[in-house]
1. For residue A:194, work out the one condition from (1) part of a loop (DSSP other than H, G, I, E, B); (2) more than 18 Å from residue A:565 (Cβ to Cβ) it doesn't fulfil.
2. Any chance segment A:521-530 includes a residue that's at the interface with chain B (Cβ under 7 Å from one of its Cβ atoms), touching a residue at least 40 places away in the same chain (Cβ under 8 Å) and assigned to a loop (DSSP other than H, G, I, E, B)?
3. Inside segment B:402-419, can you point out the residues that are without any contact (Cβ under 8 Å) to a residue 60 or more places away in the chain and either among the aromatic types (Phe, Trp, Tyr) or surrounded by 24 or more Cβ atoms within 10 Å (Cβ to Cβ) (or both)?
4. Write out, first by first residue and then by second, each pair whose Cβ atoms fall under 8 Å of each other, whose residues are 6+ apart or on separate chains, and whose first residue, in segment B:362-391, is over 19 Å from residue A:367 (Cβ atoms) while the second is in a loop (DSSP other than H, G, I, E, B) and small (Gly, Ala, Ser).
5. Here are the criteria: (1) more than 23 Å from residue A:213 (Cβ to Cβ); (2) charged (D, E, K, R); (3) within 14 Å of chain B (Cβ to nearest Cβ). Tell me which single one residue A:389 does not satisfy.
6. Of everything in segment B:282-310 that's surrounded by fewer than 16 Cβ atoms within 10 Å (Cβ to Cβ) and within 37 Å of the chain's Cα centre (by Cα), which residue is modelled with the highest pLDDT?
7. Look at residue B:432 and say whether it is more than 30 Å from residue B:536 (Cα to Cα), in a strand (DSSP E or B), within 14 Å of chain A (Cβ to nearest Cβ) and touching a strand residue (DSSP E or B) at 6+ places or on another chain (Cβ under 8 Å).
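The values are calculated or read from the model by the stated rules, or taken from the named source; none is laboratory data. Given the structure is predicted, the values throughout are model-derived calculations rather than measurements. We place every Cβ from the backbone using ideal geometry, glycine too, and count neighbours over all the protein chains shown.
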Amino acid sequence: MTARPLTPPPLQGPTAKEKKYDRQLRLWAASGQQALEDAHVLLLNGGSPGVVGVETLKNLILPGIGSYTIVDGNVVAEKDLGINFFLTDHSLGKSRADETCKYLTELNPDVQGYPVQKSLRDFLGSAIPSDAPDRLSSLTNPNALDKYSLVLFVASKQNYPLLRLVSSYCAAKALPLFYLHSLGLFSHFSTQLPDPFPIVDTHPDPTSTQDLRLLDPWPELQAFAKSKTENLNTLSNHDHGHVPYLLLLLRFLTDWRESHDGNPPSEYREKKEFKSLVESKARTDNPEGGEENFDEAAAAVLKSLNKPSLPSGLRQVLEDPSSKQLQQDSANFWLIANAIQKFHQKHGSLPLPGALPDMKAQSQDYIQLQNIYKAKSRRDIEEVTNSLRSTEADLKRQTPVEAKEIESFCKGAAFVKLIKGQPLPVYAPNAKAPPTSLQNILDDEDSLLPIFLAFQAYDHWLHENSNTTPQTDPSAPFSSSSSSSSEEAKPPLEALKQSATQTIDLNAAGDGPQINADDIMPRIEPILAEFVRAAGAELHNISALTGGMVAQEVIKVLTKQYIPIDNTCVFDGIASKSAVFRL
Amino acid sequence: MEPATTKPVATKRERYYRQSLGAVYGRIKQSRVLMVGAGGIGCELLKNLVLTGFAEVHIVDLDTIDLSNLNRQFLFRHEHIKKSKALVAKESAGKFNPHVKLEAHHANIKDPQFNIDWFASFQLVFNALDNIDARRHVNKMCLAANVPLIESGTTGFNGQVQVIIKGKSECYDCNTKETPKTFPVCTIRSTPSQPIHCIVWAKSYLFTEVFGTSEDEVPEFDHTEDSENAAEIENLRKEAHALKEIRQSMGSDDFPRKIFEKVFTDDIHRLRNMEDMWKMRQKPTALDFETVSKSNGGEVGDSVAKRDQDTWNLAENFTVFCDSLRRLSRRLQQAQGGEANGVSHVLSFDKDDDDTLDFVASSANIRSIIFGIEPRSKFDIKQMAGNIIPAIATTNAMTASLCVLQAFKIMRGDLNKAKMVFLERSGARVVNSESLRPPKPDCPVCGIMSSRLVVDPLRATLNDLVQGILKSDLGYGDEFSINNEVGTLYDPDLEDNLSKKFSELGVGADSFLTIIDDDEENPRVNLSLSISEKSLPEDSKPVVLSQSLDIPRKRTVDTSQAVEHTNGTTEPPAAPGKRKRAGSSSLDEPGIEGQKVAKRGKVQDTDQEDDLILVDGPSQGAIVIDD
């Protein structure tokens, strides 16, 4: 072709990267992807065999986190090859950090991996006093973990003091921390999220997000409803069957109020009555013998005619001190929350999200209706923005909050969620889980909580025995580098049971109902027996599954989208079931 | 590194999983399993099988690797794009465990080489597929071969694993599956009212008419209302024909203009003149090529098509429309130029092919603007036109692992402990399981009798089956029909085929015949006969059943059993249901190693068959797809 093209050719797009990530961008969008790419995940993989940590990383490298670091002082042993996919025969005898890092990096050239061949103790700083393990000053470098966005800690023999240290560190620096356990057919993980951990983009079920304001229509909506329904009875069959159901409801609500002292139907009985009223207005003498728009109207009565109320998640946000007492350096989130709080105080309702469901209607009516909702939504957002700008000025803030951030908060306000992160629920000699969790086991015979208690007992036993059984690598419970131990020591069941009894007693020593360890032990013992049988072994399949679950939660935390598990999850590979607890 | 085949080495390597699996490990080590599909779930599954000691795994996949697979199908790299998934998966996974025997088939699972005997040679089959058709086929083959099937699928954060065992649990087809949405032809061609109508128009009408074969048999079109609109349907045929004429000028400079004026000017004018059509609708507005191209005014840069998350305006859509039309024309012509014998080439729509997507997105949007419908972004249109299912590594990892957990139960012979498992993003529980439901008596696939039919291809006629087997041996009356995939071969009013040989009827080895009993009073369940060919001795019948059959009668509505189990679909009961079982915890379902369980006292072992069930319903319908 020689002639000049009519229009210049557009560039080929989207980019290769967007294409590679297309299927996940549909879940967390470009903003979520950016958050992943900005993240640096730290894996503290002191445990042996440590497959669960590597599998978790795999599921983070594939979707493209920015970078990761593996800290692992172990050397690859023969038996690692059988269950760790990211090792080959050539890895034998080499650093496990180096080798797993090498094969993991092959998964995605966009991701940077950094191996650190050190024991956790060495990595974190050797001067950890045993009497005050959570003293951050004991770290040789008190900012050692600052460059990471999230920490994964795989259970290991030297668990307790190191975990306490990392947990305190992460709490102080608002760094999310995950603690992972995989043993035989069972696994467990707990999260320690920053407090507060707010989520704006919770991706609620689309059907639950409709906010139509039928009980509180604004003038433009009311006027449109009036113009379309004034002569309802004289409309042609076609027009009558195409009045959008929202407008029908508004019209019949007006009628209802006139005969009910200006009140809308509120109780269930009244709503049923109102629904019958709507149904009775449909024409049935047409060829179809009914009208779809009236069906839609009747179906919407129970779920759409509700007085606006403040959802509990948002209430928690608005009432949080951080939202009420703004500082110059308050996070944007709190600034917006504060502006929305003011909006709500003034209007008794939240900014209108503005989305409209599909409905039977003529195109131009639907479009007009859409515009009325959108215009109102825009006005509301503008009002929130203006109030926020004046707060910014009062606080003398330099960078204004981006309009997009304000908009997405306004539109999803009803579904905003605030998680108050709390310390990891792990075994500690003087700490205790609330007795209610023990009561939970007694009340619910199907509870999976005994799995958590069994892991606690196991950790306890490891801790108690960390100094008595010498290991070549102190951070490994069953050293994989030791050539002498052909048959590794199994934890004795009796000792584990004793640990379990102790942890239960500790847990039960609160103010709550008295709980007898004997009532709970029968539920824990079978799990402990499985632990003994597994003898420290991970089953690849369970670790792969757990790696999938953990990575999914990590992605939620890093992208600040969807609501992550708060704060403990256990998996039972015999029943193929998991359960979540807040402990 | 010395070859690690010597016993002590292998043992050390196996130490971890041998320890965890206990007694079942021996069986796993000698097993031969089949994995159909090497995509998202398949890659994960293969890794898990290789690392839990499965000895021999066969992989079948006909697909090749695409860039958009790499965010989760971790056995594939950039350099593998366009290569066979099955072969690359085998190669990548084999590297990590040289002790497992992997066999890859880059082929369609429906190919005749994969016959019932072949299926029967596996202890277990895993379905890790992305389409209903292939899933159904494997389901049918596994039922016929009596091999347990573990069926799985994911979409976004949701996943599902179902164990299918002939006669013991529901099969894949016991529950009806959602069928793709269709639209009346007139809605698409004349009176669109939603963005999806314009997208279907652009993809299934305009694109195929200009670059593909023809509009006639497009699955999205619903022809049931055609007769009511005969006149308009006739007009539309003429329009399509005229568009084909324009196709001849492909490659000329005014090709975009011709197409534009045909579909966005002339056809719209014609529609506007059908006054009846617009009594109750807003009339569309025809566009003028000159005006639109001038409205462009050079403002629209060449990066429009890249901004796939924005909604383009008319001028931007116009730019992309003209440009993508040129790109596609060039491709089609180049393809045709390469062929000497004038084979007519066609392009087909592919959501991941930007040229085709740009064309569909821009023409759909221009049509939307004409009809007063809101345009959409290219990103959205891609999803709507391409039926894209979100897919991520984490869900696949979990789903594949759950498949293997079910495999352990099957390998142990604990079929009644196998589960149906659901994964969900929301709710307090991430993984839920429920007991398998018994087969549906009226299932068209598993609620039937099946048998092998040995046929002597040189002698056997259809009559040998009708008279020699069905009527005399099995006691069928006069009212029944014989059917195959193509249609009915025999019924009381269709006797022409009786004298024909099986081969003449296209009924060859490994094909199926279905005998439907139409007896009014007490019909038999359908009989499915899979054909084997073998020359039989002269003195025997030319058609022989491989076994004697006692065919059950169709059950009328069975209320006694159906109540509890027949709740419609593959979905678990509505959330948040919670059924409690009296007696014991999950742990009385013993661990994998039975022996140890016995040692620690099997006191609670009385109530195993119905393990506890905690069920939350998934937020939407049945999960059907993964790739």
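1. Residue A:194 satisfies all of (1) part of a loop (DSSP other than H, G, I, E, B); (2) more than 18 Å from residue A:565 (Cβ to Cβ) except (2).
2. No, segment A:521-530 has no match at all.
3. B:405
4. Pairs that qualify, where the first residue is over 19 Å from residue A:367 (Cβ atoms) and the partner is in a loop (DSSP other than H, G, I, E, B) and small (Gly, Ala, Ser), are B:389/B:156; B:390/B:156; B:391/B:156.
5. Of everything listed in (1) more than 23 Å from residue A:213 (Cβ to Cβ); (2) charged (D, E, K, R); (3) within 14 Å of chain B (Cβ to nearest Cβ), residue A:389 misses just condition (3).
6. Residue satisfying both the conditions and the ranking: B:310.
7. yes
Every residue, every condition in (1) closer than 23 Å to residue A:213 by Cα; (2) in a helix (DSSP H, G or I), yes or no:
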residue: A:274; (1), (2): yes, yes
residue: A:293; (1), (2): yes, yes
residue: A:303; (1), (2): yes, yes
residue: A:323; (1), (2): no, yes
residue: A:330; (1), (2): no, no
